[in-house]
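Shown next, in structure tokens, is the structure this report addresses.
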Amino acid sequence: MSQDVRDENGVLTAPHVLEYPYRRSVGPVLGRFFTALRDGKLIGVATQQGRVLVPPAEYDPETGAAVADRFVDVGPGGVVTTWSWVPRPRAKQPLGRPFAWALIRLDGADTALLHAVDAGDPSRMRTGLRVVPRWRAERVGHIADIECFTPENA
Amino acid sequence: MRDVAIVSFAQAPNRRRELRNEVEILMPVVQEAVARSGIERPFDFTCSGSSDFLQGQPFAFVIALDAAGAWPPIPESHVEMDGAWALYEAWVKIQSGQAETALVYAFGKSSPGDLPEVLATQLDPYVLAPLWPDAVSLAALQARAWMEKTGATARDLAAIAVRSRRDAKSNPNATVSGDAEIEKLLAAPAIADPLRAHDCPPVCDGAAAIVLAAGERARKACARPAWIRGIDHRIEPHSLGARDLSVSVSTQLAGEKAGAGRGAVDVAELHAPFTHQEAILREALGLGEGVRVNPSGGALCANPMMTAGLIRIGEAASRIMDGSARRAVAHATSGPCLQQNLVCVLEGA
């Protein structure tokens, strides 16, 4: 036992670090998606029925069948399918100023991706709004390689 | 299928900030449910629902066994889910013939942490969780999708909040209750447009317990047992953008499999933490205007994490046990935007 188990008031203390000490592989499908993000590109994966999933998954959520080994370029622009407004962003969220969360169906995709939209004001948001990604200059293969989306005609 | 019934239910007052620890909250609740059942311990099976993420410690649920009493050793299981799913596991155990009686409990103490942030950790760890979307914002995405599809307005949502709070006045365990004025509610700013504070549940701490028994054991334990005539749960994809958020296909399917529509429903307890979710669930379960929905005030008025679903089953069972309902439907949900849903059909005979 270390000597510093008691603080200055004599209260017993113990350090407790909550951690997740595992390494995970993102696998063959999300791995391709993140590699593309690092290269500043957006891709989806085709299901056996030909629907394009973005973000991609290893299995078709409709049928449970493995997806086809066919990746397709999508975007970079897309359409907001629904959105909500964040008047007071939390510290870990993508933007430090008020922004919108939106589900965004990228051009060529059949499902929608969640991301932040830097619209400035909720009056500039609407379902059906066209948005484009704002890429980070330094990309590492992570969903936050897209800093956020912005209205296309901003 | 074996006849299995709920024979007793107890819950803690749902407080915004409970100073007792989890075991201290749970112990009187378990004791009350056990005493009401008249069944002597040990139970053939014990199953609990809770989340270690709320306590911030792996295997934190093990501590809670102190409230159930684990000596001499008992057959026991735990789900990292709402207690409604622990009840499902106990029901399966009894169906399999391995138990005649079961104790089910659930607890959730959210007040020490930052709940919206804790809930973000349940999301897909690759494309969702790293962005830290909070649960209220995600629910708001669903609210807008539903409002734009149906033409429903903020006033329609506020009316659900007003009715729920009024009903909660007769529920001593509710966190929020009272006579709210719709105009005053609508005058408040949105906290996650299109949702205002009254569209969202209070963050609170709570616990609940239910005793299950089979056949004759149930008839001996309770004058009017709430027989489980159907129970089923279904889940939807974790990718929010792969779902139609304006409907709940998993609730509809679970309701069909559980037989919710096979007879008239007197009362329904729906686990709808957000106002628009009550409307989506009503539609998914085909509940008409004649069905009394959430006489307890529902999750809008008390939503202890991991517990509010089990409370829905307990509240519905209480209406059967006290003779005020003949047939009831209870529903529990888990995950963002009604991702996973359980439907339980209860009858008095």
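With respect to the stated conditions, A:Gly64 fails to be within 11 Å of chain B (Cβ to nearest Cβ) and touching a Lys or Arg at 6+ places or on another chain (Cβ under 8 Å).
Which residues, taken from segment A:46-61, are within 12 Å of chain B (Cβ to nearest Cβ) and out of contact with any Ser or Thr (no Cβ under 8 Å at 6 or more places or on another chain)? Across segment A:46-61, the qualifying residues are A:Pro56, A:Glu58, A:Tyr59.
A count restricted to segment A:111-134 and to residues that are within 9 Å of chain B (Cβ to nearest Cβ) and surrounded by 15 or more Cβ atoms within 10 Å (Cβ to Cβ) stands at 8. The residue of segment A:70-95 that is surrounded by the most Cβ atoms within 10 Å (Cβ to Cβ), among those that are over 14 Å from A:Phe149 (Cα atoms) and more than 10 Å from chain B (Cβ to nearest Cβ), is A:Val74. Has segment B:37-47 got at least one residue that is under 20 Å from B:Thr333 (Cβ atoms), in contact (Cβ under 8 Å) with a residue 24 or more places away in the chain and surrounded by 17 or more Cβ atoms within 10 Å (Cβ to Cβ)? Yes - at least one qualifying residue is present in segment B:37-47. Scanning segment B:48-66 for residues that are crowded, with 22+ Cβ neighbours inside 10 Å and either in contact with a Pro (Cβ under 9 Å, 6 or more places away or on another chain) or more than 16 Å from B:Pro304 (Cβ to Cβ) (or both) gives a single hit, B:Leu54.
Condition first: more than 14 Å from the chain's Cα centre (by Cα), at pLDDT 95 or above and not polar (S, T, N, Q). Can you find one or more residues in segment B:297-316 that meet it? Don't jump to the end; show me each part of the working.
Initial filter on segment B:297-316 (more than 14 Å from the chain's Cα centre (by Cα)): none.
Checked segment B:297-316: no residue is more than 14 Å from the chain's Cα centre (by Cα), at pLDDT 95 or above and not polar (S, T, N, Q).
When every residue of segment A:93-108 is checked against the conditions, at least one turns out to be on the phi > 0 side of the Ramachandran plot and either touching a Pro at 6+ places or on another chain (Cβ under 6 Å) or of a type outside the set (A, V, I, L, M) (or both). Screening A:Ala137 on (1) surrounded by 17 or more Cβ atoms within 10 Å (Cβ to Cβ); (2) assigned to a loop (DSSP other than H, G, I, E, B); (3) more than 10 Å from chain B (Cβ to nearest Cβ) shows it passes everything except condition (1). Could you tell me whether B:Leu54 is assigned by TED's automatic domain parsing to the domain that holds B:Ala209 and free of Cβ contacts under 8 Å to residues at least 24 places away in the same chain? The answer is no for B:Leu54.
Elements of the type helices (runs of 4 or more DSSP H) sitting completely within segment B:130-199 and holding at least 2 residues that are more than 25 Å from B:Arg292 (Cα to Cα) and away from chain A (no Cβ under 14 Å): these cover B:182-187. Picking from residues in segment B:200-229 that are small (Gly, Ala, Ser) and assigned to a helix (DSSP H, G or I), the one that is surrounded by the fewest Cβ atoms within 10 Å (Cβ to Cβ) is B:Gly215.
Restricting to segment A:140-154, name every residue that is away from chain B (no Cβ under 14 Å) and modelled with pLDDT of 95 or more.
Passing the criteria: A:Thr150, A:Pro151, A:Glu152.
Tell me, yes or no, whether segment A:111-123 has at least one residue that is polar (S, T, N, Q) and not in a loop (DSSP other than H, G, I, E, B). Yes, the conditions are met somewhere in segment A:111-123. For segment A:68-85, does any single residue satisfy the condition of being acidic (Asp, Glu), assigned to a loop (DSSP other than H, G, I, E, B) and at pLDDT below 95? Yes, the conditions are met somewhere in segment A:68-85. Of the residues that make up segment B:120-129, is at least one within 14 Å of chain A (Cβ to nearest Cβ), surrounded by 18 or more Cβ atoms within 10 Å (Cβ to Cβ) and touching an Asp or Glu at 6+ places or on another chain (Cβ under 7 Å)? Yes; the residues of segment B:120-129 include at least one that is within 14 Å of chain A (Cβ to nearest Cβ), surrounded by 18 or more Cβ atoms within 10 Å (Cβ to Cβ) and touching an Asp or Glu at 6+ places or on another chain (Cβ under 7 Å).
The values are calculated or read from the model by the stated rules, or taken from the named source; none is laboratory data. In this text the structure is predicted, and so the values were computed from the model without any measurement. Glycine also receives a Cβ, built like all others from the backbone with ideal geometry; neighbour counts cover every protein chain displayed.
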